[in-house]
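These notes concern the structure reproduced below.
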Amino acid sequence: MLQNRTSKIYTPTKTIYRVENPVTEHGMWYDNKGIFEPIIHRLCPNGISKNLPMEFNPDHKRDGKDWFSAGKGIDNMQSWFSYEDIHLLLKNGFNLYEIKVSEWQEKDCEVLFTREGITEYKKIPISDIWK
């Protein structure tokens, strides 16, 4: 994934979107501790984004914090997950969330955020995105 190496940490609130398991906070490629564990390969064998290069980036540990990946907008979630993908993920405890954050890094294709910077966390019905 392309990364802007000069990214700045922002503090105004930003709304981002993420598919994750709300119990484990596991995303598609990394667990809640920032350990590479690409669960998308097992849960979505035909996943449209499963082969994206999501290798470790030092910005994910910037300033000694754990930074997590999210989508920049609700409209691009269909680019990351097909209808089949999202239904397989739902069956495995994942959901789509709208998250407001006060601490984030803008990247070319994603936004990185810290859990400590979450100010709002709301489940979004998948029917709002995948018809």
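The values are calculated or read from the model by the stated rules, or taken from the named source; none is laboratory data. For clarity, every value in this text was computed on a predicted model and none was experimentally measured. Cβ sites come from the backbone with ideal geometry, for glycine too, and all protein chains shown count toward neighbours.
When only residues in the range 41-60 that are in contact (Cβ under 8 Å) with a residue 24 or more places away in the chain and under 18 Å from L89 (Cα atoms) count, which is surrounded by the fewest Cβ atoms within 10 Å (Cβ to Cβ)? The qualifying residue surrounded by the fewest Cβ atoms within 10 Å (Cβ to Cβ) is N46.
Within the range 1-24, restricting attention to residues that are modelled with pLDDT under 90 and of a type in the set (S, T, N, Q), the residue that is nearest to Q105 (Cα to Cα) is S7. Listed conditions (1) under 17 Å from W130 (Cβ atoms); (2) among the small types (G, A, S); (3) within 14 Å of the chain's Cα centre (by Cα); (4) surrounded by 19 or more Cβ atoms within 10 Å (Cβ to Cβ) are all met by G73, apart from (4).
Condition test on D63, is it exposed (fewer than 13 other Cβ atoms within 10 Å of the Cβ), of a type outside the set (V, I, T), part of a helix (DSSP H, G or I) and at pLDDT below 90? Judged against the criteria, D63 is not a match.
Per this entry, V101 is counted among residues that are surrounded by 20 or more Cβ atoms within 10 Å (Cβ to Cβ), farther than 24 Å from W130 by Cα, touching a Lys or Arg at 6+ places or on another chain (Cβ under 8 Å) and modelled with pLDDT of 90 or more. Can you tell me which residue within the range 105-131, out of those that are of a type in the set (V, I, T) and touching a residue at least 24 places away in the same chain (Cβ under 8 Å), is surrounded by the most Cβ atoms within 10 Å (Cβ to Cβ)? So, considering only residues that are of a type in the set (V, I, T) and touching a residue at least 24 places away in the same chain (Cβ under 8 Å), the one surrounded by the most Cβ atoms within 10 Å (Cβ to Cβ) is V111. Only one of the listed residues (G27, G93, G47) is modelled with pLDDT under 90 and assigned to a loop (DSSP other than H, G, I, E, B). That residue is G47. Go through the residues of the range 22-39 one by one and say whether even a single one is polar (S, T, N, Q) and more than 15 Å from the chain's Cα centre (by Cα). Within the range 22-39, not a single residue is polar (S, T, N, Q) and more than 15 Å from the chain's Cα centre (by Cα).
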